[in-house]
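The values are calculated or read from the model by the stated rules, or taken from the named source; none is laboratory data. Small disclaimer: the values here were computed from a predicted structure and weren't measured. Because the Cβ atoms are built from the backbone with ideal geometry, glycine has one as well, and the counts that use them run over all protein chains shown.
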Amino acid sequence: MNCRSLKLILFFLICLFIGLCLFGYKYKCNNDGERLYKQGMELYNSSKYSDAYYNFKQVKYFSDLYELSLLKAFQSAEKLADKKTAYIKLKELSKYSKDENILPYVLYNEVNYGLELKQITNSTAYKKYKYIYDNFNGNDFAIASAFKM
């Protein structure tokens with residue numbers, strides 16, 4: 001074998017190793033995420049919002065339940081009347097979410113919390129309300145945004 005063939009084989013083996021490691025990490029994140037989310041839901045349903053928030057916060061980005069965990073972390077913080085933490089979770093969720101059913105809810109609440117906490121200006125709020133109205137036409141949050149503009 002020549003040197004070039006050895007380099008290609010070595011490159012292939014390294015790529016295979018990295019791929020297997022990433023697959024294993026995603027599998028672990030999914031298993032841990034399912035366990036943490038389930039425990040968090042049990043705690044949330046038992047009105048132990050602080051403990052539930054902690055569980056939801058532990059779900060990793062690579063887990064399939066990450067988006068739902070962010071939403072439940074927001075709702076837990078909201079139940080605890082921790083508006084700053086709720087706003088932070090909403091901002092994170094609005095950057096991550098692509099779901100047309102969740103996104104208008106998240107964006108609308110993000111603007112309301114941002115205004116209340118004075119984290120955003122009225123002009124920024126207007127732009128976000130307009131975005132919600134323009135992109136989620138017919139949705140309840142789009143209709144509510146029209147009244148806020």
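What the table shows:
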| item | result |
| --- | --- |
| Any hit, segment 11-27, residues being at pLDDT below 95, surrounded by 13 or more Cβ atoms within 10 Å (Cβ to Cβ) and not aliphatic (A, V, I, L, M) | yes |
| Test: Phe11 is more than 15 Å from the chain's Cα centre (by Cα) and over 30 Å from Phe74 (Cα atoms) | yes |
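Table: residues versus (1) out of contact with any Ser or Thr (no Cβ under 9 Å at 6 or more places or on another chain); (2) basic (Lys, Arg); (3) touching a residue at least 12 places away in the same chain (Cβ under 8 Å); (4) farther than 16 Å from Gly33 by Cβ.
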residue: Ser50; (1), (2), (3), (4): no, no, yes, yes
residue: Lys79; (1), (2), (3), (4): no, yes, yes, yes
residue: Tyr87; (1), (2), (3), (4): yes, no, yes, yes
residue: Leu107; (1), (2), (3), (4): no, no, yes, yes
residue: Val111; (1), (2), (3), (4): no, no, yes, yes
residue: Lys118; (1), (2), (3), (4): yes, yes, no, yes
residue: Tyr131; (1), (2), (3), (4): no, no, yes, yes
